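Notes to accompany the following structure.
The values are calculated or read from the model by the stated rules, or taken from the named source; none is laboratory data. Treat the numbers as computed from the prediction; the structure is a model and nothing was measured. Calculation scope for accessible area: heavy atoms of the full protein, side chains included, ligands and nucleic acids excluded. Shrake-Rupley method; radii C 1.70, N 1.55, O 1.52, S 1.80 Å.
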Amino acid sequence: QVQLVESGGGLVQPGGSLRLSCAASGSIFSINVMAWYRQVPGKQRELVAAIPSGGSTNYADSVKGRFTISRDNAKNTVYLQMNSLKPEDTAVYYCNADLTFGEHTPSFRYWGQGTQVTVSS
């Protein structure tokens, strides 16, 4: 059984910073891509940033230059450093991992439970 546990959300003023963390646990062989998505009520979940096990990161245009995604492969953990936060960044942020349970086996995607980020004065 795989669990993705997120932490770090909360209330912050515009211009402030937050750091989200997501740790994956379970009988994981490898994690191909780790990513952060966000969703506001009434809208589709959107990709914020993604980081493959090897290769370049990918960011939504709305967060480029403000957010930084990173990962610690030894800990199966992904981070999202969010700076210069704006009210429009308010959303529930979800961690996503594309992982395998063995060599040369299919990959599966798992989601965290979500963490609320609210940017307001």
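Some values worked out for this structure:
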read-out	value
Accessible-area composition of the chain, carbon plus sulfur, in percent [1.4 Å probe]	48 percent
Rg/Rh for the stretch 1-62, where both radii come from Cα atoms and Rh is the Kirkwood radius	1.00
Karplus-derived HN-Hα couplings along the stretch 103-110 (A = 6.51, B = -1.76, C = 1.60, θ = phi - 60°), whole Hz, x at Gly and Pro	5, 6, 10, x, 9, 9, 9, 10
Surface accessible to a 1.4 Å probe, per residue, for the residues of the stretch 1-48, Å²	56 Å²
Rh by Kirkwood over Cα pairs, then Stokes-Einstein D for the chain at 1.567 mPa s and 4 °C, µm²/s	89 µm²/s
Ratio of Rg to Rh over the stretch 37-91 (Cα coordinates, Kirkwood Rh, two decimals)	0.99
Hz values of 3J(HN,Hα) by residue in the stretch 31-44 - Karplus curve (6.51, -1.76, 1.60), Gly and Pro given as x	10, 6, 10, 10, 8, 10, 10, 9, 8, 10, x, x, 10, 6
Hits among lysines - C-alpha to C-alpha of Lys43 under 22 Å, sequence gap 8 or more where chains match	Lys64, Lys86
Residues whose placed amide H lies under 5 Å from that of Asn32, excluding near-sequence neighbours	Asp98, Leu99, Thr100
